[in-house]
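The next block holds one structure in the form of structure tokens; read it before the comments.
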Amino acid sequence: MLSTREKELIAEIWGRLTPVAEDIGAEALLRMFATEPGSKTYFSHLDISPSSAHLRSHGKKIVLAIAEGAKDISQLAVTLGPLQTLHAYQLRIDPTNFKFFSHCMLVTLAAHMRNDFTPVAHAAMDKYLSAFAAVLAEKFR
Amino acid sequence: MVEWTDFERATIVDIFSKMQYEVVGPAALARCLIVYPWTQRYFGNFGNLYNAAAISGNPMVAKHGTTILHGLDRAVKNMDDIKSTYAELSVLHSEKLHVDPDNFKLLSDCLTIVVAAQLGKEFTGKVQAAFQKFLAVVVSSLGRQYH
């Protein structure tokens with residue numbers, strides 16, 4: 001359950017991070033690959049070495065989708081419709097990986113925002129990313 | 001027995017040697033109580049846990065957070081046998097405190113984030129992996145004596 005203030009905070013944070021979407025996205029992915037090697041199996045078709053163009057462009061895509069969803073959280077199911085279909089029928093990523101990625105995104109935010117990543121911001125962001133992942137997995141079965 | 005690479009050992013020792021236990025411990029426990037409010041169930045006698053500000057300023061939370069981190073120290077000094085280092089504590093958490101072991105993972109995630117915020121860029125993916133592996137062993141050992 002997200003309060004109005006939390007939704008504002010989430011939208012504000014992602015608004016600020018959109019210009020560095022590539023950096024944030026790539027870092028979160030790299031953190032996930034380092035801590036959960038199984039997640040790399042979904043990327044055998046891409047070059048996921050640090051600073052690779054594939055990694056940065058993929059990271060950017062993910063962050064921009066998260067930022068877009070943050071603009072109107074009540075509409076997540078609508079905003080994510082096409083991505084839901086993509087993940088369910090084509091990508092078929094085991095949803096535990098969404099949890100791993102979300103955690104690594106939180107770590108990335110902490111490393112970048114330092115003390116600005118307050119417990120309140122952390123709680124709001126964790127809730128948002130969990131909701132995002134849940135909506136993304138809705139069409140899986 | 002857990003196998004540690006030289007990098008992992010050095011990383012864990014390094015992180016803990018530079019850590020301010022009285023800052024990181026309280027911050028991690030407070031964060032856990034704020035981000036995962038149901039964990040407050042174990043702290044009924046800690047007084048005011050009504051909101052984030054109250055939790056962050058609560059002296060009992062601070063004291064306990066510091067205690068927890070000093071407890072982690074024992075694992076840092078005994079990385080080759082964390083399981084037996086925590087056998088007693090595991091029994092305590094199970095038989096006396098009745099803590100659901102899933103909570104250990106929640107606290108360890110919060111600790112990771114506090115350390116990430118402290119170290120910034122230095123907390124690379126490789127360092128994070130070593131830190132999380134260490135905490136996973138701790139968490140597993142603490143849950144080991146439950147039955």
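The values are calculated or read from the model by the stated rules, or taken from the named source; none is laboratory data. All values reported here derive from a predicted model rather than from experimental measurement. Quick reminder, even Gly has a Cβ in these numbers, built from the backbone with ideal geometry, and neighbours come from all protein chains shown. Accessible surface areas use protein heavy atoms only, side chains included; no ligands, DNA or RNA. Shrake-Rupley method; radii C 1.70, N 1.55, O 1.52, S 1.80 Å.
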**Item:** Matching residues, the range A:1-22, being over 15 Å from the mean Cα position of the chain (by Cα) and among the polar types (S, T, N, Q)
**Value:** A:SER3, A:THR4
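Please indicate, with yes or no, whether at least one residue in the range A:27-44 is among the acidic types (Asp, Glu) and modelled with pLDDT of 95 or more. Walk me through it before giving the result.
From the range A:27-44, those among the acidic types (Asp, Glu) are A:27, A:36; that's our starting set.
Next cut, modelled with pLDDT of 95 or more only: A:27, A:36.
Yes, the range A:27-44 contains a residue that is among the acidic types (Asp, Glu) and modelled with pLDDT of 95 or more.
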**Message:** Regarding the range B:89-104, can at least one residue be identified that is assigned to a helix (DSSP H, G or I) and within 14 Å of another protein chain (Cβ to nearest Cβ)?
**Reply:** yes
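A quick yes/no check of all residues on (1) surrounded by fewer than 16 Cβ atoms within 10 Å (Cβ to Cβ); (2) more than 9 Å from chain B (Cβ to nearest Cβ); (3) basic (Lys, Arg); (4) touching a residue at least 12 places away in the same chain (Cβ under 8 Å):
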| position | (1), (2), (3), (4) |
| --- | --- |
| A:THR79 | no, yes, no, no |
| A:THR85 | yes, yes, no, yes |
| A:GLN90 | yes, yes, no, no |
| A:ASP94 | yes, yes, no, no |
| A:PHE101 | no, yes, no, yes |
| A:CYS104 | no, no, no, yes |
| A:ASN115 | yes, no, no, no |
| A:PRO119 | no, no, no, no |
| A:HIS122 | no, no, no, yes |
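Got a sec? Which of B:ALA28, B:ALA54, B:ALA62 is closer than 21 Å to A:CYS104 by Cα and within 14 Å of chain A (Cβ to nearest Cβ)?
None of the other options fit; the residue is B:ALA28.
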**Asked** Does at least one position in the range A:125-132 carry a residue that is part of a helix (DSSP H, G or I), farther than 23 Å from B:VAL115 by Cβ and away from chain B (no Cβ under 14 Å)?
**Response** yes
**Message:** Just to be sure I understand the filter: pairs with C-beta atoms under 6 Å, separated by 6 or more residues or on different chains, first member in the range A:42-66 and under 11 Å from A:ALA28 (Cα atoms) and part of a helix (DSSP H, G or I), second member modelled with pLDDT under 95 and not charged (D, E, K, R). Which pairs pass?
**Reply:** A:LEU55/A:ILE48
**Item:** Selection count where residues are under 24 Å from B:VAL139 (Cβ atoms) and of a type in the set (A, V, I, L, M, F, W, C), scope the range B:50-68
**Value:** 5
**Asked** Given the structure, is A:ALA77 over 23 Å from B:ALA129 (Cα atoms) and within 14 Å of the chain's Cα centre (by Cα)?
**Response** no
**Prompt:** How about the range A:23-44: which of its residues are open to solvent by 20 Å² or more (accessible area, probe 1.4 Å), of a type outside the set (Ser, Thr, Tyr) and over 12 Å from the mean Cα position of the chain (by Cα)?
**Reply:** A:ASP23, A:LEU30, A:ALA34, A:GLU36, A:PRO37, A:GLY38, A:LYS40, A:PHE43
**Complete:** Only one of B:LEU107, B:LEU72, B:LEU142 is in a helix (DSSP H, G or I), in contact with a Cys (Cβ under 7 Å, 6 or more places away or on another chain), crowded, with 19+ Cβ neighbours inside 10 Å and away from chain A (no Cβ under 12 Å), namely B:LEU107
**Item:** Condition met for B:ALA130 (over 19 Å from B:MET19 (Cα atoms) and within 11 Å of another protein chain (Cβ to nearest Cβ))
**Value:** no
**Prompt:** Considering the range B:46-69 alone, what residues qualify as being without any contact (Cβ under 8 Å) to a residue 12 or more places away in the chain and not in a helix (DSSP H, G or I)?
**Reply:** B:ASN48, B:TYR50, B:ASN51
